[in-house]
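What follows is a short report on a single structure.
The values are calculated or read from the model by the stated rules, or taken from the named source; none is laboratory data. Owing to the predicted nature of the structure, the values given are computational and were not obtained by experimental measurement. Here the Cβ positions follow ideal geometry from the backbone for every residue, glycine too, while neighbour counts run over all protein chains shown.
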Amino acid sequence: MPLMYGAQSEGRRDDETMRRFRHDRFGQFIHWGLYSIPAGSWNGVTYDYAAEFLPQSAGIGPARWAGLVDDFAAPEFDPEAWASLAADLGARYVTVTAKHHDGFCLWPSSLTDFTVAATPRGRDVIGELVHAYTARGIAVHLYYSVLDWHHPDWRYAISSSQDEEAFDRYLSYAGEQLRELATRYPNVRGFWFDGTWDESVKANGRWSWEIECMLKRLIPGAIVNSRLRADEHGARHRDSNGALMGDYFSGFERRLPDPWDRTVTAEDWEACVTIPQNSWGYHAGAEVARTHKHPLELLEQLVQAVSLGGNLLLNFGPRGDGSFAPFEKDVVHTLGAWLETNGACIYGCGPADGWDYPGWGYYTADAETGAVYAVVTRIPVSGAIALQLPERTRVRNATAVATGRPVPFAVRDDRTVRFEVDRASVIPLAFALEVEQRDDTAEQPEVNPDL
Ligand SMILES: COc1ccc([C@H]2[C@H](O)[C@H](O)[C@H](C)N2C)cc1
């Protein structure tokens, strides 16, 4: 159907900025704001739901919530230390909450007083972070919530002309804030939109179209996630013709596509996940919870995402004072150490065409060289993994990515090779496979069944 405000482009972007985003594969999400101070509790009551939703969970109105501005001193906030932590994690980009649903701005916006400028130290958090991350070669995306519980003209739905006038004022405010962000911080790489599911926003597809145009005019090549967009019929993420809006699909929240679902490889996508079961902002309960994800679970999610052509955005919620909790530092050390020696099977990689999901792990392939990686995350009881090869493919040799040492394997038949895996291996265990195409006339591969 003809659309005025559908997808602005067809297919994958192939410009340098998007190629870099695709190559990076691994990003760190940062949720930090007023909600980080109460950390899920209010007036002595702890609410189990996500800490950044405390105003809703505890029924705290905007005026009372704004009282937290005086407590946002953040004595431990150290942008260079945050940038070092991201580098140690192995993240190639960071997405930082400039404004979350509570409407509090982590930059000194001229459009409202509800910003860091009113806090005891008045630091431009976004400006200092953009500088620190960029200095470390880490790209920055700014998270912006269209949903805004603080602004008096916010509306969930439009049911009167007064609502329409108010919400038009709100959209003008949000548009000017986004212009301000793109103008103050022109070297950010992208914008991560959220809070766009309400009827009021879905009814304003033209506004979302104009925002995408404005941001890409102010910052040529800027990357925008699919959550910003609605078309004139209220279709979100994909327009009414099914075309992806924005530059990558960002509907995978605290979940990934099934490891065998190759349909997702048709477009760029990013999954965002938390370390606790369900809190993006710092929740004091997470420090003592037994339920947050093991670092190796998160690492497996990264490998799974790459095997399906996606990025993983892993969330950290710094405490109100600007420090990180020990359970988050454990994740940094585990993932960073593994990526230090195994990053070749992640950065610059994507799906390995023709290599079906094997069950014991994932295949990735270097998008430039075509090198295939077998990444073992589950060692079978047999202590051996069987690789089902694509048609007319031969494995010439295999090396352990972490050590570079050759790895013996048995050719079982013309479509199967088998590796013995030391059960004491550190997993994920990545093998680099040098493969070649066999032509039909070539002799059958030498089978050595005794291995
Ligand atoms: C269930 O409804 C939700 C769940 C999460 C969200 C927000 C989280 O606060 C976080 O910012 C995440 C990226 N976003 C989807 C919004 C609505």
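Data table
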{"quantity": "Positions within the stretch 218-235 being surrounded by fewer than 24 Cβ atoms within 10 Å (Cβ to Cβ) and more than 23 Å from residue 189 (Cβ to Cβ), in sequence order", "calculated": "232, 233, 234, 235"}
{"quantity": "Conditions (1) touching an Asp or Glu at 6+ places or on another chain (Cβ under 6 Å); (2) crowded, with 17+ Cβ neighbours inside 10 Å; number of the one not met by residue 191", "calculated": "(1)"}
{"quantity": "Of all residues making up the stretch 189-201, the number that are in contact with a helix residue (DSSP H, G or I) (Cβ under 9 Å, 6 or more places away or on another chain) and either part of a helix (DSSP H, G or I) or within 30 Å of residue 137 (Cα to Cα) (or both)", "calculated": "9"}
{"quantity": "Number of positions in the stretch 15-48 that are in a loop (DSSP other than H, G, I, E, B) and touching an Asp or Glu at 6+ places or on another chain (Cβ under 8 Å)", "calculated": "4"}
{"quantity": "Tabulated pairs, the stretch 7-30, first within 21 Å of residue 130 (Cβ to Cβ) and within 16 Å of the ligand (Cβ to nearest atom), second in a loop (DSSP other than H, G, I, E, B) and of a type in the set (A, V, I, L, M), C-beta under 8 angstrom, 6+ apart or interchain", "calculated": "27/91; 28/91"}
{"quantity": "Strands (runs of 3 or more DSSP E) contained in the stretch 356-416 and holding at least 2 residues touching a Pro at 6+ places or on another chain (Cβ under 9 Å) and at pLDDT 95 or above", "calculated": "361-366, 372-376, 384-388, 393-400"}
{"quantity": "Hits in the stretch 127-166 (condition: in contact with a strand residue (DSSP E or B) (Cβ under 8 Å, 6 or more places away or on another chain) and within 16 Å of the ligand (Cβ to nearest atom))", "calculated": "141, 142, 143, 144, 145, 146, 147, 148"}
{"quantity": "Enumeration of residues in the stretch 381-412 that are among the small types (Gly, Ala, Ser) and under 34 Å from the mean Cα position of the chain (by Cα)", "calculated": "383, 384, 386, 398, 400, 402, 404"}
{"quantity": "So residue 36, is it within 14 Å of the ligand (Cβ to nearest atom), polar (S, T, N, Q) and either at pLDDT 95 or above or crowded, with 17+ Cβ neighbours inside 10 Å (or both)", "calculated": "yes"}
{"quantity": "Criterion (in a helix (DSSP H, G or I) and closer than 22 Å to residue 376 by Cα) met by exactly one of 340, 328", "calculated": "340"}
{"quantity": "Residue under evaluation residue 96, criteria (1) within 13 Å of the ligand (Cβ to nearest atom); (2) closer than 25 Å to residue 182 by Cα; (3) surrounded by fewer than 16 Cβ atoms within 10 Å (Cβ to Cβ), criterion not met", "calculated": "(3)"}
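So that you can scan it fast, the table gives a plain yes or no per residue for (1) within 16 Å of the ligand (Cβ to nearest atom); (2) at pLDDT 95 or above; (3) not hydrophobic (A, V, I, L, M, F, W, C):
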site: 168; (1), (2), (3): no, yes, yes
site: 175; (1), (2), (3): no, yes, yes
site: 182; (1), (2), (3): no, yes, no
site: 190; (1), (2), (3): yes, yes, yes
